[in-house]
1. For chain A, what is the largest minus smallest coordinate of the Cα atoms on each principal axis, given in angstrom and ordered from greatest to least?
2. Once you place label points 7 Å from the Cα toward the Cβ at A:I20 and A:N51, how far apart are they in nm?
3. Could you tell me the relative contact order of chain A? Use alpha-carbon pairs under 8 Å, at least six residues apart, and round to a whole percent.
4. Binned at 10 Å from 0, what are the whole-percent values of the Cα-Cα distance distribution for chain B, short to long?
5. Mean separation of Cα pairs under 8 Å and 6+ residues apart, divided by the residue count of chain B: what relative contact order is that in percent?
6. Calculate the tail of P(r) for the protein assembly as shown: the fraction of all Cα-Cα distances greater than 28 Å, expressed in %.
Amino acid sequence: EPEVTQTPSHQVTQMGQEVILRCVPISNHLYFYWYRQILGQKVEFLVSFYNNEISEKSEIFDDQFSVERPDGSNFTLKIRSTKLEDSAMYFCASRPNLRSTWEQYFGPGTRLTVT
Amino acid sequence: TQLLEQSPQFLSIQEGENLTVYCNSSSVFSSLQWYRQEPGEGPVLLVTVVTGGEVKKLKRLTFQFGDARKDSSLHITAAQPGDTGLYLCAGIRTDKLIFGTGTRLQVFP
């Protein structure tokens, strides 16, 4: 069964460094998302992406964050200058362009630790 | 801020017991989903409810969407240790999911 994959599974970085989190969505999906989950807190929406542009973004998704689909398979989240409070699990999700369903398929997540 | 509150936050029960998890909001959602999340993994969709008053069953799990589409419940009959996990409700709003606060369920053999 097709699945969303994410790399790395765990990323440790120092405050102020840039990180890129990578995701490979399911191949025929057209809508892509990033969510994050700070330890012990709820899952929060960051950004949605369709047709090579951002559809919607949350207040969390400030100028330090960017997303890109550099080729036909990868979907990346970049944090330019990481802060301690960026430490969280980051989940990528994708969904097909089907009117009859609204299921988002989530990847296993990348645990980002900022020290 | 759109908020989905789940209750209880934690639930520890013995195998064979029944339980209900609640998801409440002050906002109306066009549809609502329930997810289950295992440690170290992403959320996995269990069900989507769309119509006010809708009831869906998935084996021992029964999901209900409130008539006003502001609340939902998940009822598990005869819980098993394999049901242990984090249960999340999520409302669909424009093109994003708004997740609830989560209910961590532990079922002891």
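No lab work stands behind these numbers, since they all come straight from the coordinates. The model shown is predicted, which means the values in this text are computed figures rather than measured ones. Virtual Cβ from ideal backbone geometry, glycine too; neighbours counted across all protein chains shown.
1. Dimensions of chain A along the principal axes of its Cα atoms: 43, 26, 26 Å.
2. Distance between the two pseudo-spin positions: 2.7 nm.
3. For chain A, the relative contact order is 38 percent.
4. 16, 50, 29, 5, 0
5. Normalised by residue count, the contact order of chain B is 37 percent.
6. I get 31 percent for the Cα pairs in the protein assembly as shown exceeding 28 Å.
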